[in-house]
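Undergrad: Can you keep this structure in mind? I'll have questions shortly.
Here, each number is a calculation from the coordinates, and none is a lab measurement. Quick caveat, the model's predicted, so the values are computed rather than measured. We place every Cβ from the backbone using ideal geometry, glycine too, and count neighbours over all the protein chains shown.
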Amino acid sequence: MQRLDLLVVQSRPSHQITLHQACNALGVFKVRVVNDLHNAKASLAQAPDAVLIDHGMPTLAVQALLKSIVRQGQVRAVLFIGAPPAGAPNLSVEAWRRGLWVVANLSWPLSMPALHAALLRLRPAIGGLQARDIETVTSSLHAR
């Protein structure tokens, strides 16, 4: 059974912790967190199933990351969290135009049901991930 491999690209330490713990609470334990473009590009070599990108990161850095994801060709799905800064382009639209599957645009504060639904949408991209393939280590009441 295949487990979800998620790369989180988030520059804020408090958001890194929140996203990592939220994924763990939903049974996703193969979560790598990086804080910049250099480390994100290096982590693409490990071919994650999906990349969760902070929409608040510098536009040029995210554009370069999207270009690397397309060039590498192994990551099919991306998720965005947060809103683009005022006057900045919507990078999820750019990802879609580059042929990437934008699974979700999540907002802060993070909604656990929305994250869970987004992770379950990845099912076709990673060989049939089912709800039962996500390990649960806490009751769903505590994961909200």
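Undergrad: Which FRET efficiency value, to the nearest 0.05, do you get for Q46 and A86 by plugging their Cβ-Cβ distance into 1/(1 + (r/R0)^6) with R0 = 30 Å?
TA: The value I calculate is 0.30.
Undergrad: Hey, another quick one. Under a 5 Å amide H to amide H cut-off, with H placed in plane at 1.01 Å, what residues pair with A50 once short-range neighbours are removed?
TA: For A50, whose amide H was placed from the backbone, the distant partners under 5 Å are D5, L7.
Undergrad: For region 94-125 and region 34-88, what is the separation of their Cα centres, given in Å?
TA: Computed from Cα coordinates, the inter-centre distance equals 13 Å.
Undergrad: Mind checking the full-extension length gain between N24 and W101? Use 0.36 nm per residue of separation minus the Cα-Cα distance, one decimal, nm.
TA: 25.4 nm
Undergrad: Please list 3J(HN,Hα) in residue order for region 80-91, calculated via the Karplus relation 6.51 cos²θ - 1.76 cosθ + 1.60 where θ = phi - 60°; whole Hz, with x for glycine and proline.
TA: Result, rounded to whole Hz: 10, 10, x, 10, x, x, 3, x, 8, x, 7, 6.
Undergrad: Once you put a point 7 Å from the Cα of I17 and another 7 Å from the Cα of Q63, both along the Cβ direction, what distance in nm separates them?
TA: Simple spin-label model gives 3.4 nm for this pair.
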